[in-house]
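A.B. asks: Following this message is one structure expressed as structure tokens.
Just so it is clear, none of the values below were taken in a lab; they were calculated from the coordinates. These figures come from a predicted structure and were not determined experimentally. FYI the Cβ positions are ideal-geometry reconstructions off the backbone, even for glycines, and counts take in every protein chain you see.
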Amino acid sequence: MNRYTVAVLVRNQFGVLNRVTSMFRRRQFNISALTVSETESAEFSRITVVFDGEETYKQQLINQLYKLPDVCSIKEFTADNSISCELLLIKMQNDPATRDDIHAAAEAFHAATVDYSKDSFTLRLADDPRRVDDFINLMRDYKILEICRTGSVSLEKGSTTIRQTINF
């Protein structure tokens, strides 16, 4: 099974997110990350979906998405043609025995301490999704209290934009 990242530019209308995600559900794709926001224009929203599946079914899914009336454009992203970033907040137990090791790892990954208390501290990391995964795996050696991730956001490298390929 392969992992794909696709951005879907849609008209910013009520119910569009449900129609788009229902298309994934009906074709039995597992969505591992989903981000949605308005674009540079309030008229459009951008839905970025990271999902697992087979190549032939992925292409069928994209063809079906184009049939939805509010879908304007779709871009598939790869590591070679895009920049991706994800935000992680991770709350760690504040144990004097492990505190220095955790802070050394956080410094190596450029994670910032954004909250600190006697019992816990929270680190923030914004990086490539693979680096976020690597950081979480490293932190599993210590006591993780809570994790919150945003999901991946991606833009195509260079000057090309998703709006340049609008398919009305």
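A.B. asks: Tell me, what ³J(HN,Hα) does each residue in the stretch 2-19 have, in order and in whole Hz, if you take phi through Karplus 6.51 cos²θ - 1.76 cosθ + 1.60 with θ = phi - 60° and put x for Gly and Pro?
C.D. replies: Running phi through 6.51 cos²θ - 1.76 cosθ + 1.60 with θ = phi - 60° gives 9, 10, 10, 10, 10, 9, 10, 8, 10, 5, 7, 10, 4, x, 5, 4, 4, 5 Hz.
A.B. asks: What residues have an amide H closer than 5 Å to that of A33, excluding those fewer than 5 places away on the same chain, when H is modeled at 1.01 Å from N in the peptide plane?
C.D. replies: V50
A.B. asks: A further question on this structure: Taking the Cβ-Cβ separation of T78 and R99 as r and a Förster radius of 41 Å, what is the calculated FRET efficiency to the nearest 0.05?
C.D. replies: Plugging the Cβ-Cβ distance into 1/(1 + (r/R0)^6) gives 0.60.
A.B. asks: To continue, here is another question. Using only Cα atoms, figure out Rg for the stretch 83-153 and give it as a multiple of 2.2 N^0.38 Å.
C.D. replies: 1.03
A.B. asks: Using +1 on the beta carbon of Lys and Arg, -1 on that of Asp and Glu, and nothing else charged, what's the dipole of the chain about the Cα centre, debye to 20?
C.D. replies: Computed about the Cα centre, the dipole is about 720 debye.
A.B. asks: What FRET efficiency, computed as 1/(1 + (r/R0)^6) with R0 = 41 Å and r the Cβ-Cβ distance, is obtained for E146 and L68, rounded to the nearest 0.05?
C.D. replies: 0.70
A.B. asks: Using alpha carbon centroids, what distance separates the stretch 123-159 and the stretch 1-63, in Å?
C.D. replies: 21
A.B. asks: Fewest to most neighbouring Cβ within 10 Å: what's the order for K143, K118?
C.D. replies: K118, K143
A.B. asks: Between L138 and S37, what is 0.36 nm times their sequence separation minus the Cα-Cα distance? Round to one decimal in nm.
C.D. replies: Working it through step by step, the gained length comes to 33.3 nm.
A.B. asks: Before rounding to the nearest 500, sum -39500 (n - 2.57) across all DSSP H runs of length at least 4 in the chain and divide by the residue total; then give [θ] at 222 nm in deg cm²/dmol.
C.D. replies: Computed mean residue ellipticity for the chain: -8000 deg cm²/dmol.
A.B. asks: Further question on the same structure: Once you have the Kirkwood Rh of the stretch 84-124 from its Cα pairs, apply Stokes-Einstein at 4 °C and 1.567 mPa s and quote D in µm²/s.
C.D. replies: Taking Rh from Cα pairs, D becomes 123 µm²/s.
A.B. asks: Using the number of other C-beta atoms within 10 angstrom as an exposure proxy, rank E76, E55 with the fewest first.
C.D. replies: Ascending number of Cβ neighbours within 10 Å: E55, E76.
A.B. asks: Still on this structure, please answer the following. Over the chain, with a Gaussian network built from C-alpha contacts below 10 Å, which listed residue (S32, S41, S82) shows the highest mean-square fluctuation?
C.D. replies: S41
A.B. asks: Moving on. Hey, got the Cα dimensions of the stretch 2-77 along the principal axes, in Å, largest first?
C.D. replies: 34, 20, 17
A.B. asks: For the chain, what is the convex hull volume of the alpha-carbon atoms per residue, in Å³?
C.D. replies: For the chain, the hull spanned by Cα atoms encloses 140 Å³ per residue.
A.B. asks: Here is a follow-up. How do T150, T78 line up, fewest other C-beta atoms within 10 Å first?
C.D. replies: T78, T150
A.B. asks: Residue by residue, what Karplus-based ³J(HN,Hα) values in Hz, rounded to whole numbers, does the stretch 90-101 have, using 6.51, -1.76 and 1.60 with θ = phi - 60° and x for Gly and Pro?
C.D. replies: 10, 9, 10, 5, 8, 9, x, 5, 10, 3, 5, 5
A.B. asks: Taking the chain as the reference, fit the longest principal axis to its C-alpha atoms, fit the long axis of helix 129-139 to the helix C-alpha atoms, and give the angle between the two in degrees, 0 to 90, nearest 10.
C.D. replies: The angle comes out near 30 degrees.
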